[in-house]
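Read the structure below first, then the notes.
Just so you know, all these numbers are worked out from the coordinates, no wet-lab data involved. Please read all numbers here as calculations on a predicted model, not as lab measurements. Cβ atoms come from the backbone with ideal geometry, glycine included; neighbour counts cover every protein chain shown.
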Amino acid sequence: MGARKNVFVIGLDEHNRQILEGVNDAAQYRFHPVLTYEEIYGPQISFNGALQAAQRVLDSFDGPIDAIIGFWDFPVSAMVPLLRRRYGLPAASLEELIKCEHKYWSRLIQREILDEYPPFGLVDPAHDQNPPQHLRYPLWIKPVKSFSSVLAFGVADQDAFRQALGTIREGIGRIGEPFDALLEHLELPPEIAAVGGQMCLAEEAIAGRQLTVEGYRYQGEVVLYGVIDSVRYDNSPSFLRFQYPSTLPEQVTARLDDISTRLVTAIGLDGMTFNIEYFWDPGTDAITLLEINPRHSQSHAELFADVDGMSNHEVMLRLALGRDPDFPHRKGRYPMAAKCFVRRFTDGYVRRHPTGEEIQAIERIVPGITIDLIAHTGDVLSEKPHRDSYSYHVASVYIGAADETDLTAKFDQVAAALVYEIDDVAPEM
């Protein structure tokens, strides 16, 4: 065996470190962290500050830099291609990435080549009080750049629209300002330069089952390797679980493959993973594209490992080293897998989180699970970053199962066994 490859991982956390160290042929790689998740996603995000800090770490390394990877949303997703180019590694262009990440620019591109998108329009949160006249309620309103559904609101009428805009005005700068700093690295088309990173996109609401297509592009060929069902809590927009493989009819999956391939081919993204979110309405058989992300979802890593025998982290790793991912099919330990979300729907102060010993005991009793705590002692749930607008993410449970009945039974058992003590926090008036 030759020398181990030095792989630098931006924003490496403990959970994903364990997944990377479990990839096939892990002994071939030496993983080096470049900044912690907390250093990048603190109360304030500085794109140029994080980029410069990462460069200092890489510049100080005495040895070959074989690959630079990252699996988080902005700013990590944008730092990766810039750092790869700086250190002489192959990378997709920054423009290709921003064509996905800037939600308005992405919709303009989709409109040129697809029919499967909702009516949409721009909203200026600093001045507008009404949505574009051609849009009809119910709507979704969200910044042109956000992640994890942060500051994304479903609105049914004018009052809800204006209330959502007020909340967005207060918080849009946290992501919008560093996103504007990223846009300065590009020569943008005039219509996108005029929009910048602190405007909003309004879209007519989409109905149906939500799902995600994951894939990659290698030497020009678009390869789609999995479809994941996104299952929501009853009467809430918040996710209950991401479940793989999807239970969609085969003819729907074939249409998704065609749409996804056409979109990725139009944008580029060679040598990159991606995921594309859709809705499928069983009543009308309509497919509507929600968004394309120029990265794989780290939330799905264990799902693919459990079912197919390779995590999507390994796909990214092989692409970063110029190798064909050669993704396997159904070679894993379980027929089905999911990432499940333990949530609370009112604010709270965490007086106690489950201990490491308690988690290990649950993982011994319930086979095929991994628990990742999100809320910890001392946290105020509403102050946790990157939460959606409708709930509070307390813990994640990754489950490998024989079928959906086995999966839901395991989740119910784990959720009941997780001993959190959370006091109510009165909402601010």
Requested in this report: Report, by chain and number, residues whose modeled amide H sits under 5 Å from the one on G348, excluding near sequence neighbours (fewer than 5 apart, same chain).
Outcome: L381, S382, V425
Query - DSSP-assigned coil residues among chymotrypsin sites (Phe, Trp or Tyr not before Pro) in segment 334-429, each with at most 13 further Cβ atoms within 10 Å - result: F345
**Report entry** Gap separating the Cα centres of segment 304-322 and segment 133-212, nearest whole Å
**Finding:** 32
Query raised in the report: Counting other Cβ atoms within 10 Å of each Cβ, which GluC sites (Glu not before Pro) in segment 357-429 have at most 11 and sit in a DSSP loop?
Result: E428
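Taking 0.36 nm per residue of sequence separation and subtracting the Cα-Cα distance, how much length would be gained by fully extending the chain between A409 and A160, in nm to one decimal? Walk me through the intermediate numbers first.
On the way: separation 249, 0.36 × 249 = 89.64 nm, distance 3.74 nm.
Separation in residues times 0.36 nm, less the Cα-Cα distance, equals 85.9 nm.
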Query raised in the report: Exactly which trypsin sites (Lys or Arg not before Pro) in segment 243-297 are in a DSSP loop and have at most 16 other Cβ atoms within 10 Å?
Result: none
Report task. Please list the non-local residues whose amide H lies under 5 Å from the amide H of Y218, H modeled 1.01 Å from N, same-chain partners needing a gap of 5 or more. Result -> V223, G271
Query raised in the report: When only Cα pairs under 8 Å and 6 or more residues apart are kept, what is the percent relative contact order across the chain?
Result: 14
Query raised in the report: Taking θ as phi - 60°, what are the ³J(HN,Hα) couplings along segment 6-14 by the Karplus curve (6.51, -1.76, 1.60), each to the nearest whole Hz, with x for Gly and Pro?
Result: 8, 10, 9, 10, 7, x, 5, 10, 5
Query raised in the report: How big is the shadow of the Cα convex hull of segment 295-352, averaged over all directions, in nm²?
Result: 6.3
**Report entry** Inter-part distance where segment 339-405 and segment 1-66 are each reduced to a Cα centre, Å
**Finding:** 25
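About its Cα centre, what dipole magnitude does segment 119-204 give when the only charges are +1 on Lys and Arg Cβ and -1 on Asp and Glu Cβ, stated in debye to the nearest 20?
240
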Report summary line: Which of K145/K410; K142/K384; K5/K145; K5/K142; K103/K384 exceed 31 Å between C-alpha atoms? The answer is K145/K410; K5/K145; K5/K142
**Report entry** Which of P143, V80, S299, positive extreme of dipole for the chain (C-beta unit charges)
**Finding:** V80
Query raised in the report: Projected area of segment 5-91, taken from the Cα convex hull and averaged over every viewing direction, in nm²?
Result: 5.6
Query - Calculated from backbone phi, Karplus (6.51, -1.76, 1.60) coupling profile of segment 38-47 in Hz, x at Gly/Pro - result: 5, 5, 7, 9, x, x, 10, 9, 10, 5
Query raised in the report: Taking amide hydrogens as modeled 1.01 Å from N in the peptide plane, which residues meet the under 5 Å criterion relative to M199, leaving out close sequence neighbours?
Result: V144
